[in-house]
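Read the structure below first, then the notes.
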Amino acid sequence: MSPEAERVLLVLSAPTGAGKTTIARRLLEADGALRFSVSHTTRPPRPGERDGVDYHFVDRAVFERRRELGEFLEWAEVHGNLYGTHRSETRRAAVEGRDLVLDIDVQGGLQVRRAWPSAVLVFILPPSLEVLLERLGARGREAGFDLRRRLETAARELAFAQQYDYNVVNEDLAVAVGEVLCILRSARTRPEARGVRRRQLADALETWLRSSDVPGE
Ligand code: 5GP
């Protein structure tokens, strides 16, 4: 099994309503070597969300204790709730030989970059303001003050897009998913992701050279 450092960490961030969660779901369906990083959160579950699948739902005391123990690769407070990626997520991906997709906010994305410099950061952009407003308004779950708060957050988050490695516009879902898959596949060919193979090849070549009768200089 390849070591943890060889796994690709694919960070997806976006303003709410850009379609990031749908893209993440499609990526997981399209690529069997990908695993979803299940975050910890102190936010209560929404209808249909399952503990251990969508999130690990924990109370604030548990979250803070784990944070103090340094168990999170990154963490952030979003709309008054704490969210974090537990280090066991990357370990589990390595054991399974899979790469990890992290659906996290921009504060978290930039922490991942510092902790894991080879992480690939993808920011999903909505195609237009109209679409962003429509997607947010059409959700029906939030309105009024909450909608305004989310739009203000979206404006702040958009300012971080240029610090990401890639900006994918989600105008057409299939195209956007295709672009992220291309990014993932090219990340898998980086030297960081090929260390074991490279070392094995070099060792085998050394051994072969020692035992062969190819004349030296
Ligand atoms: P929601 O509560 O709507 O599921 O998520 C709110 C925001 O928190 C989203 O932008 C989501 O990507 C982000 N988020 C979810 N998990 C994490 C995490 O582990 N770390 C960080 N930094 N953000 C997260």
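FYI, it's all coordinate maths here, none of it is from the lab. None of the values given here were measured: they were computed from a predicted structure. As a convention, Cβ positions derive from the backbone with ideal geometry for all residues, glycine included, and neighbour counts pool all protein chains shown.
Observations, loosely collected:
- Sorting 183-193, 113-123 by their mean Cβ neighbour count within 10 Å, with the most densely packed peptide first, gives 113-123, 183-193.
- Theoretical gain in end-to-end length, R197 to E68 [0.36 nm per residue, Cα-Cα removed]: 42.8 nm
- Diffusion coefficient, µm² s⁻¹, Stokes-Einstein with Kirkwood Rh over alpha-carbon pairs of the chain at 37 °C and 0.692 mPa s: 173 µm²/s
- About its Cα centre, the dipole of the chain is roughly 300 debye, where the only charges are +1 on Lys and Arg Cβ and -1 on Asp and Glu Cβ.
- Relative contact order (%) - the stretch 4-210, alpha-carbon pairs under 8 angstrom, separation at least six: 31 percent
- Percent of beta bridges antiparallel (DSSP, the chain, rounded to nearest 5): 30 percent
- Karplus-derived 3J(HN,Hα), 6.51/-1.76/1.60, for each residue of the stretch 192-209, Hz, glycine and proline x: 4, 8, 10, x, 4, 4, 5, 5, 4, 5, 5, 5, 5, 5, 4, 4, 4, 4
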